[in-house]
Structure formats: C-alpha cells, structure tokens
Amino acid sequence: MRHRIKGRHFNRPADQRKALYRSLVRSVIINERITTTEAKAKEAKALVEKLITYGKKGSLHDRRQAMSFIPDSRVVSKVFEDISPRYNERNGGYTRVLKIGNRKGDNAPMAILELV
C-alpha cells in the first residue's frame, strides 16, 4: 500500500532522481519552456514554483536554499533578478503544464512545462 508516500520514483535510485529533477528545473529556468513527459512535468512544476518563491522572498537564506538545490549561480541569479520580479503580484501558479499528446516511439504522454 502507498499510504502517505509522496512523489513519483521513476524507477530510479534517489541520487539519479534528484539529478533528474535538478536538470529539469534548470532547463525550465534557462529556456522558460521544456517538453517532457507528463509525469516529469508534474513533478518538476512544484520544484520550479518553490524556487521562484525563494526568489520572490529574496533574502540571503533563500538564495542559499536555492543554491543548495541548483548549484549554478547563473541560474539562481536569473531566478532572483529576472524571473521572480515578474511574479511579484502573483500568489503562486507560476508555471503551467500543457498536454500535447503521446510520443511517437513509445506512446508516452508528453507535456510542455512553461512559465506563465
């Protein structure tokens, strides 16, 4: 039974899963739009929104929290200086997941994850 078990595992060990999440979030921040599977998009959505919330708060502690998740100062500075100011008046919901049909090769459901 899956009582109180949160999140998807993607049939990966924890370190690979964490690396997957980091790379997805990094790609969304840099490109502001990515195409991936629905499940990965739904998991990455929460992490991107958390990072943008850190950027909106803007304290040193929040910057260090963001750096602990994505150890790339370029990406973190983009979140804090470019992306977060766009959403000052918005209370959450910084990303959207658009379903785009199934992938040709393995029929996996695909989605676009983008910043609003």
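The values are calculated or read from the model by the stated rules, or taken from the named source; none is laboratory data. Owing to the predicted nature of the structure, the values given are computational and were not obtained by experimental measurement. Cβ placement follows ideal geometry from the backbone for every residue including glycine, while neighbour counts extend to all protein chains displayed. Ligands, DNA and RNA are excluded from the accessible area calculation, which covers all protein heavy atoms including side chains. Shrake-Rupley method; radii C 1.70, N 1.55, O 1.52, S 1.80 Å.
Less than 5 angstrom separates the built amide H of THR95 from those of VAL116, all sequence-distant by 5 or more or on a different chain.
How high is the relative contact order of the range 37-112, given as a whole-number percent (alpha carbon pairs under 8 Å, six or more residues apart)? For the range 37-112, the relative contact order is 39 percent. Couplings 3J(HN,Hα) of the range 33-48, computed from phi: 6, 9, 10, 8, 6, 4, 5, 5, 5, 5, 5, 5, 4, 5, 6, 5 Hz, in residue order, whole Hz [Karplus 6.51 cos²θ - 1.76 cosθ + 1.60, θ = phi - 60°; x for Gly and Pro].
Between ASN102 and MET110, the built amide H atoms are under 5 Å apart, and every one of these is 5 or more places off in sequence or on another chain. Listed values for the range 77-86 are Karplus-derived 3J(HN,Hα) couplings in whole Hz (6.51 cos²θ - 1.76 cosθ + 1.60, θ = phi - 60°), namely 5, 5, 4, 6, 9, 10, 7, 4, x, 5, and x replaces Gly and Pro.
Assuming charge only on the beta carbon of Lys and Arg (+1) and of Asp and Glu (-1), the dipole of the chain about its Cα centre is about 400 debye to the nearest 20. Of the residues TYR94, SER77, HIS3, the one whose Cα sits farthest towards the positive end of the charge dipole of the chain is HIS3 (charges of +1 on Lys and Arg Cβ, -1 on Asp and Glu Cβ, taken about the Cα centre).
Loop-resident trypsin sites (Lys or Arg not before Pro) (DSSP state other than H, G, I, E or B) in the range 55-116 with no more than 14 further Cβ atoms inside 10 Å of their Cβ: ARG90, ARG103, LYS104. Mean separation of Cα pairs under 8 Å and 6 or more residues apart, divided by the residue count, gives the range 31-80 a relative contact order of 32 percent.
Viscosity 0.890 mPa s, temperature 25 °C: give me the Stokes-Einstein translational D for the range 1-101 in µm²/s, with Rh taken as the Kirkwood radius over C-alpha pairs. In µm²/s, the coefficient rounds to 170. Here's how it looks for PHE10: its modeled amide H is under 5 Å from none belonging to a residue 5 or more places away or on a different chain. Take the chain with all the other protein chains still there, run a 1.4 Å probe, and you get 64 Å² of accessible area per residue. Taken as Cα centroids, the range 16-38 and the range 60-90 sit 15 Å apart, rounded to the nearest whole angstrom.
Net charge of the neighbourhood of THR53, taken over other residues with C-beta under 11 Å away and scored Lys/Arg +1, Asp/Glu -1, is +2. Between the helical axis of 60-69 and the longest alpha-carbon principal axis of the chain there is an angle of about 20 degrees. Loop-located GluC sites (Glu not before Pro) in the range 48-94 (DSSP state other than H, G, I, E, B) with a sparse environment of at most 16 neighbouring Cβ atoms within 10 Å: GLU89.
Other residues within the sphere of radius under 13 Å centred on the Cβ of LEU113, judged by their own Cβ, net out at +2 (K and R +1, D and E -1).
Sequence neighbours fewer than 8 away in the same chain don't count; with that in mind, list the aspartates and glutamates whose C-alpha is under 20 Å from LYS78. Correct list for LYS78: GLU32, GLU49, ASP62, GLU89, GLU114.
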